[in-house]
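Below is one structure; the comments refer to it alone.
Readers should treat all values here as calculations from the given coordinates under stated rules, not as data from a laboratory. Predicted model, so just to flag it, every value in this text is computed and none were measured. Every residue, glycine as well, gets a Cβ built from its backbone with ideal geometry; the counts of neighbours run over all protein chains shown.
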Protein chains: 2
Amino acid sequence: MRIGIDAMGGDNAPHAVIEGVALYLNQNQDDEVVIFGDRSIIEKECAQKVQPLNKVEIVDCKEKIEFEDEPVKAIRQKKSSSIVVGLQYLKEGKIDAFVSAGSTGALMAGGLLIVGRIKGIDRPALTTRLPYKDGQYLLIDVGSNTDCRPINILQFAQMATVYVSRVLGKKNPTVGLLNIGTEENKGNDLSKQSYDLLKSAKNINFVGNVEARSLPFSPPDIVVCDGFVGNIVLKLTEGMGLLFFDILKDIAKSSFRAKIGGLLLKPYLKRLKGKYDYKEVGGAPLLGIDGIIVKCHGASDSQAIFSGIHQAKSFYKNNILALLKEEITAESEV
Amino acid sequence: MRIGIDAMGGDNAPHAVIEGVALYLNQNQDDEVVIFGDRSIIEKECAQKVQPLNKVEIVDCKEKIEFEDEPVKAIRQKKSSSIVVGLQYLKEGKIDAFVSAGSTGALMAGGLLIVGRIKGIDRPALTTRLPYKDGQYLLIDVGSNTDCRPINILQFAQMATVYVSRVLGKKNPTVGLLNIGTEENKGNDLSKQSYDLLKSAKNINFVGNVEARSLPFSPPDIVVCDGFVGNIVLKLTEGMGLLFFDILKDIAKSSFRAKIGGLLLKPYLKRLKGKYDYKEVGGAPLLGIDGIIVKCHGASDSQAIFSGIHQAKSFYKNNILALLKEEITAESEV
């Protein structure tokens, strides 16, 4: 397998990205990696970190798409950016997957404009796995579609069902619609109409509305919502997780008694922190693009990049693109 | 002051409601309370709990609006329900405020149909105060307007500014728009258009977009969003708060070492729990209705009802209705 990596994307690029590649190649010696980015910097980083070097190809990309750039404009104008060149390699079959911690908007725009959608998919979506008390659930969409129609929500549910059952190995995963009440008639126009579509769809295991209060305790396997709401759930979950550890740290500083208590609990809390830490969760696939694109968190460190590359490999090995093409209800069929 | 109380609303009605009234009258002996609900039950409860009894009037209401009832239909059909009769008393000036832990939808529908809006307010809104690390911020709307237009978001900001500055005593409060990025061009159609309106409004202290990740750490004084998103933020904040304590409890059970650690931290955590507990936060006013209506959480206990009555009193004493009428930008002026 040949995996493409955007060396210029994310807050800690290119160091963390190259380190993530090194971690990956250490464990996956049969794969090859193509790194897109500024050759002079990457060559130096690779020489220090990556073994064996002959598994790595560097494609020199002098431009970089910034988080502030307007996505569609950036894809059209920054022709020699790591994202544009990487996605062209993906389109042309020179790489089997593309992993990036760069601008989500640019990746989605580039995915649409350069690689193209899977036939029948109206709007590709971003997913992520979020922690709850006893495990992780999948949230879709988490930011690529800020304004949705009901057909989009249905297709998110269908795509996520394929992903969760075939990549994550959970059979017949339950699907819940994120809403502000559990009753059928609750919600905004979008959620009410989406409910009706989801209820009558045959290839998903729809279990009804799910309220945000139950997400940390007993979510369904898959939670669907529009990308605006999903992004807010993602970031609030992250923020509340950070707050928890921050508060405990402050408590432990507040007195001798609390310090001892904190020290006794430290090993337990450390394990917990791993769970509520996005780095462990890895990348989020762009479901619906006719090629494997995995988006890593903008603040990714080497471990997060490593997980993202693993996600991409799992996608490839399980032939998810073909499965998605089979399962999707096109708009004309609704 | 005469405060109306819905004795039939909420999971713990009427016991918790009557207990809340008793707590309130203990501390506010100059006020009078009008209780709406089933006379036979309420008389018995009051006789046991409330002193002095002569400060209480009971208005017999045999019907009850359930959480599952469709709000507008319930207001139109259940003419002798505690909510409908209570709001009629409010409209006719027989009470100065109405406090209920019943159906939010029915209260909002009844507020609109029976009491009416403040002139110039397009859509009344529900607010609540949510905890963050160093205090509380105000979130508006938290569920009464699931589909909004930009003018609604602007008016939410204006109403909340009056409330926070005049009732909660925070001068020139900052207003942030809940969004999925801090940059001006981020978000969905609603947030982009709302940003423009908020930016050019003169009577609010708009500080730009705010991301959900920063809500637990450094929110502005007021966070505006549509009621669908706000309700999800409210419930996810509650759920994550519950999760923390639940997790810590489990850890403390997992070994002797952890148990000791947990016991040492217990007093500190207990204080914290109060902060992340909605009961302490009290009721949420329905801003924009031409009368004082305070909605308490459906799971309110007596303490929460007590806080809700206090909120209503503060509203009345600070003459907030008149201030709201002065400050609002009507749609025609935008």
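Here are some notes:
- Eligible aspartates and glutamates near A:LYS275 by straight Cα distance, threshold 14 Å, same-chain separation 8 or greater: A:ASP134, A:GLU238
- Theoretical FRET efficiency, 1/(1+(r/R0)^6), r = Cβ-Cβ of B:ASN318 and A:GLN303, R0 60 Å, to 0.05: 0.70
- Distances between copies of A:LYS133, taken at a point 7 Å out from Cα along the Cα→Cβ vector and listed shortest first: 2.7 nm.
- Karplus-derived 3J(HN,Hα) values for segment B:103-116, using 6.51 cos²θ - 1.76 cosθ + 1.60 with θ = phi - 60°, are 4, 4, x, 5, 5, 5, 4, x, x, 6, 7, 9, 8, x Hz; glycine and proline are entered as x.
- For a straight C-alpha distance cut-off of 23 angstrom, the lysines reachable from A:LYS192 (same-chain residues fewer than eight places away being disregarded) are A:LYS202, B:LYS73, B:LYS235.
- Chain B: relative contact order in percent, alpha carbon pairs under 8 Å with at least 6 residues between: 23
- Residues with amide H under 5 Å from that of A:ASN205, placed H, sequence gap 5 or more: A:VAL175
- DSSP-defined beta bridges in chain A - what % are antiparallel, rounded to 5: 25
- Split chain A at each of the trypsin sites (Lys or Arg not before Pro) in a DSSP loop with at most 10 other beta carbon atoms within 10 Å, and the longest piece is A:203-334.
- Residues considered: A:ASN12, A:ASN203, A:ASN54. Largest GNM mean-square fluctuation over chain A, using C-alpha springs under 10 Å, is found at A:ASN54.
- Normalised contact order of segment B:123-279, rounded percent, pairs of Cα under 8 Å and 6 or more residues apart: 28
- Residues considered: B:GLY308, B:GLY169, B:GLY111. Largest GNM mean-square fluctuation over chain B, using C-alpha springs under 10 Å, is found at B:GLY169.
- Axis-proximal residue, chain B, for the rotation superposing B on A (Cβ, Å): B:MET240, 2
- MRE, 222 nm, helices only [DSSP H, n ≥ 4, -39500 (n - 2.57), over chain B, to nearest 500]: -14500 deg cm²/dmol
- The amide H of A:SER81, built 1.01 Å from its N in the peptide plane, has A:GLU63 as neighbours under 5 Å, considering only residues 5 or more places off or on other chains.
- Nearest-0.05 FRET efficiency for A:LYS170 and B:LEU263, computed from C-beta distance (R0 45 Å): 0.75
- Beta bridge orientation in the protein assembly as shown: antiparallel %, DSSP, nearest 5: 25
- In the assembly of identical copies, B:ALA47 has its label point, taken 7 Å from Cα in the direction of the beta carbon, separated from the corresponding points by 9.4 nm (ascending, one decimal).
- For B:PHE67, label point 7 Å along C-beta direction: distances to other copies, nm: 3.9
- Taking label points 7 Å from Cα along the Cα-to-Cβ direction, B:LYS199 and A:ASP60 give a separation of 4.0 nm.
- Kirkwood hydrodynamic radius over Cα pairs of the protein assembly as shown, then Stokes diffusion coefficient at 4 °C and 1.567 mPa s, in µm²/s: 49
- Loop-located chymotrypsin sites (Phe, Trp or Tyr not before Pro) across segment A:1-106 with a Cβ neighbour count of 10 or fewer within 10 Å are lacking, with loop assigned by DSSP.
- The B:VAL72 and A:LYS273 beta-carbon pair, evaluated with R₀ = 41 Å, returns a calculated FRET efficiency of approximately 0.30.
- Scanning residues 5 or more positions from B:ILE35 or on other chains, those with amide H under 5 Å from its amide H are B:ILE5, B:GLU57, B:ILE58, B:VAL59, with H placed 1.01 Å from N in the peptide plane.
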